[in-house]
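In what follows, a structure is listed as structure tokens, so that the remarks can point back to it.
The values are calculated or read from the model by the stated rules, or taken from the named source; none is laboratory data. Just so you know, these numbers come straight off a predicted model, no measurement behind them. Neighbour counts run over all protein chains shown; Cβ positions are idealised from the backbone, glycine included.
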There are 4 protein chains.
Amino acid sequence: MDQQTVSQSRREINRVNNRDAILRAAREVFTEIGLGATTVRDIIRRTDLASGTFYNYFQSKDEVFEALTNSVGVVLRASLRQVRNEATTLEDFVQNSFHTYFSYYADNPQDYHLMRANPNADTLSTRLSAVQGQAGLNEMREDIEAAMANNIVPETDTGLLTAALGGAAISILDEMMENDSIDRDEATRFATQLFMTGIAGKQRKP
Amino acid sequence: MDQQTVSQSRREINRVNNRDAILRAAREVFTEIGLGATTVRDIIRRTDLASGTFYNYFQSKDEVFEALTNSVGVVLRASLRQVRNEATTLEDFVQNSFHTYFSYYADNPQDYHLMRANPNADTLSTRLSAVQGQAGLNEMREDIEAAMANNIVPETDTGLLTAALGGAAISILDEMMENDSIDRDEATRFATQLFMTGIAGKQRKP
Amino acid sequence: MDQQTVSQSRREINRVNNRDAILRAAREVFTEIGLGATTVRDIIRRTDLASGTFYNYFQSKDEVFEALTNSVGVVLRASLRQVRNEATTLEDFVQNSFHTYFSYYADNPQDYHLMRANPNADTLSTRLSAVQGQAGLNEMREDIEAAMANNIVPETDTGLLTAALGGAAISILDEMMENDSIDRDEATRFATQLFMTGIAGKQRKP
Amino acid sequence: MDQQTVSQSRREINRVNNRDAILRAAREVFTEIGLGATTVRDIIRRTDLASGTFYNYFQSKDEVFEALTNSVGVVLRASLRQVRNEATTLEDFVQNSFHTYFSYYADNPQDYHLMRANPNADTLSTRLSAVQGQAGLNEMREDIEAAMANNIVPETDTGLLTAALGGAAISILDEMMENDSIDRDEATRFATQLFMTGIAGKQRKP
DNA sequence: CATGAATGAGTATTCATTCAT
DNA sequence: CATGAATGAATACTCATTCAT
């Protein structure tokens, strides 16, 4: 291994480290004050890098934010797609979707807090232009349509159903994350029963 | 009418006009780019007033925003409280709540767009510290608890139910506002049936 | 007395009242934050007059300040001239000057504080362009020259002597005003003895 | 010398040059219009730097002012302490103090003008809260007390004596600086004789 | 590729002053 | 003569971005 190779390796490692340092710092700031209020300076101040270095890795804070939420989005959306496509009954479809969604954030609370501080960035959120969120909803809608074609989900307005499920999911997640007494299973049971049988469905609190 | 009175009138009229001009301009900007990104300059640039004049009427952009959303919040919340308290059956409770909510924004689309661009300011939104939104949810929760005491709403976790109803309402509203083919009645019917009987409830599309 | 006369009288009274209100307010502000930091708004806010009214009485805050310090200056300077001109011995000259100076501010502490917050405005101050101060020093110099011609003050550099007396007077005044245990007589005795016999003059503290 | 070193040198030099440019410009402005009336813009306008650059070096105009007066204060105060502590007779004490004080400003007229335009910043000034000035007076008082303990200065009120000496010194300095015919030695001789023997002391003008 | 100083446009806010009423 | 709203210049300060080293 000649010197050239060695120093290139070191560079590679350094590149990754610097990128990570920026991402880590950015996640902190975004969580604390939100995307809108965050400045590039805020991010770089939390690293020991120079301000100019930021631009070797990202063009703007938005690009960092995207990198941060992409990872969340990609993993969660993939999981959701899988459980939805594997569902063979309506109850499976609903229950597994909720469980996967709640579990992801229960297991990755830092992602929850990042999303929470930046409500327009959730993978499910209806109310956003954010790429991730819209994509998540579009996929859910596709999956619902597919399930409908397979008679797993009964005929209904898919747009409205997608909206209702997505909106409820986010809000229930909030309630769960703020409330220690509600775990992912309880939240899933509640949401599933609600959407399977309606509010007046039997024995909500057994 | 003596001259004094006339003079005062002119001034009064002017004051009101200027205040309105600022509010109108602010609503536009808030709708287009959101509260966070809006600057006082953005607002004043859309009027033919001088920069300093802004501060004769408001202390900050937030104060303008509050003036704008207060009217929305107060009226809508009052209407919601009323219909919820007058409900005698669960179906009334759910259906009238949704109908009031959807109707308000259908009748005041500019308020919808303002809220849409600033998701943390809706009267219902779970995901926010904004006074209006949190207050709206708290009231809803109180009303649900009262209805539960009267056996109108069955026993369940009120926090989760509040979240689910609120979250679904906002998202269904979005779908409705973006989709000309869905009117307030259709949205209300869908939401009501969903929460009364669950997804698989009979005859979704008659 | 016809109505015309009555209303003119009222106007006169009002004029005087408004002027006084402005002067009173201005004195407060100048004392608290100094001439430099004071704004016209600060002054007018302490009255119940409208901002525009200020300009019916004064052109600027400096003009108010001048009006305020003129009264101080004119009275104090006149007293000083008198005692200096009436002095028949060097000791009288020195002692009566100091006593008059210290007494004025002891009797008019609000004038002291006004001057203190605006050090360039004292009637004696060497270190200022302020009209009053320079005038006070010029007069003192004239009086010293006159006294010198009458052999009351011995031959010396009048400029330097004026400076020394003036500078010491202000500083001793400060010490006196900050220190309850030193009254005008004690300050006068100290200053007189110092300038009559020097530091080592006999029994400074009898 | 490798390239790295050269680069750093250039940067260093530039930093020092810019800092100096700001200090030089600030001194000019402070001298002309005083600290109170000076704005950061006034300072930066006199350099060919951009407005933002100011804040790479100083936080505020006050910080610049401090940097400017600190050097004056520290050097002058140290010299004064030394000559006072080394004095073995009252005459030495007085004479050397005056001489040191007058000499400093005679040798550094730009510092005199800076202080003159900002009377609250002199090392001796009684009339100020400024750190330098108050510190200067406190030290003088300490030294007087020490000299009194050693029987160099006779018993007297040290507060008053400090005030008198300090006040006279500043005013005599003014007279000297405005008057070409009075040099530091003449001013020192006058002040010393005045404080040693009083106004009527023999042979004032030999 | 890292650095960090320089840039200058941009923002909130205050203020003296004018003038229609 | 009193009022107080309108004006717009002025100020302090921050920030994203560039670029010489």
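If I ask for residues that are of a type in the set (Asp, Glu) and either assigned to a helix (DSSP H, G or I) or at positive phi (or both), which ones from segment B:46-85 would you list?
B:ASP62, B:GLU63, B:GLU66
Could you tell me whether any residue of segment C:143-156 is crowded, with 23+ Cβ neighbours inside 10 Å, of a type in the set (Gly, Ala, Ser) and away from chain D (no Cβ under 11 Å)?
No, every residue in segment C:143-156 fails to be crowded, with 23+ Cβ neighbours inside 10 Å, of a type in the set (Gly, Ala, Ser) and away from chain D (no Cβ under 11 Å).
Would you mind telling me which numbered condition in (1) away from DNA strand E (no atom under 14 Å from the Cβ); (2) touching a Phe, Trp or Tyr at 6+ places or on another chain (Cβ under 6 Å); (3) away from every other protein chain (no Cβ under 14 Å) B:VAL94 fails?
(3)
Only residues that are among the aliphatic types (A, V, I, L, M), more than 21 Å from D:PRO109 (Cα to Cα) and within 14 Å of chain C (Cβ to nearest Cβ): list them for segment D:31-58, please.
Within segment D:31-58, D:ALA37 is the sole residue that qualifies.
I'm told C:GLY73 meets every condition in (1) farther than 22 Å from D:GLY36 by Cβ; (2) small (Gly, Ala, Ser); (3) buried (at least 20 other Cβ atoms within 10 Å of the Cβ); (4) modelled with pLDDT under 95 except one. Can you identify the failing condition by its number?
Exception for C:GLY73: condition (1).
Could you tell me whether any residue of segment C:13-30 is more than 17 Å from C:ASP111 (Cα to Cα) and acidic (Asp, Glu)?
no
So, of the residues in segment D:86-110 that are among the aliphatic types (A, V, I, L, M) and part of a helix (DSSP H, G or I), which turns out to be nearest to the chain's Cα centre (by Cα)?
D:ALA106
Note down all Cβ pairs under 8 Å where the first residue falls in segment D:46-61 and is among the hydrophobic types (A, V, I, L, M, F, W, C), the second is near DNA strand E (Cβ under 8 Å from one of its atoms), and they're at least six residues apart or on different chains.
Going by the 8 Å Cβ cut-off, the qualifying pairs are D:LEU49/D:ASN18.
Which one of D:VAL16, D:VAL29 is more than 9 Å from DNA strand E (Cβ to nearest atom) and under 22 Å from the mean Cα position of the chain (by Cα)?
D:VAL29
Where residues in segment A:46-64 are near DNA strand F (Cβ under 7 Å from one of its atoms) and surrounded by 17 or more Cβ atoms within 10 Å (Cβ to Cβ), which of them is modelled with the lowest pLDDT?
A:LYS61
Going by what's in this entry, would A:ILE43 be described as surrounded by 12 or more Cβ atoms within 10 Å (Cβ to Cβ), part of a helix (DSSP H, G or I), more than 10 Å from DNA strand E (Cβ to nearest atom) and modelled with pLDDT of 95 or more?
yes
Among the residues of segment C:159-203, which ones are facing chain D (nearest Cβ under 7 Å), surrounded by fewer than 19 Cβ atoms within 10 Å (Cβ to Cβ) and not β-branched (Val, Ile, Thr)?
If the condition is that a residue be facing chain D (nearest Cβ under 7 Å), surrounded by fewer than 19 Cβ atoms within 10 Å (Cβ to Cβ) and not β-branched (Val, Ile, Thr), then C:ASN179, C:MET196, C:ALA200, C:GLY201 are the ones that fit.
Can you spot a residue in segment A:19-32 that is more than 11 Å from DNA strand F (Cβ to nearest atom), β-branched (Val, Ile, Thr), at pLDDT 95 or above and more than 20 Å from A:GLY136 (Cα to Cα)?
yes
Failed condition for B:GLY52, given (1) under 26 Å from B:ILE182 (Cβ atoms); (2) of a type outside the set (Lys, Arg); (3) within 13 Å of DNA strand E (Cβ to nearest atom), with all others met?
Every listed condition holds for B:GLY52 apart from (1).
Which number in (1) surrounded by 14 or more Cβ atoms within 10 Å (Cβ to Cβ); (2) more than 16 Å from DNA strand F (Cβ to nearest atom) marks the one condition that A:GLU86 misses?
The one condition A:GLU86 does not meet is (1).
If you scan segment C:174-200, which residues turn out to be aliphatic (A, V, I, L, M) and not in a helix (DSSP H, G or I)?
Once the filter is applied, which keeps residues that are aliphatic (A, V, I, L, M) and not in a helix (DSSP H, G or I), segment C:174-200 yields C:ILE182, C:ILE199, C:ALA200.
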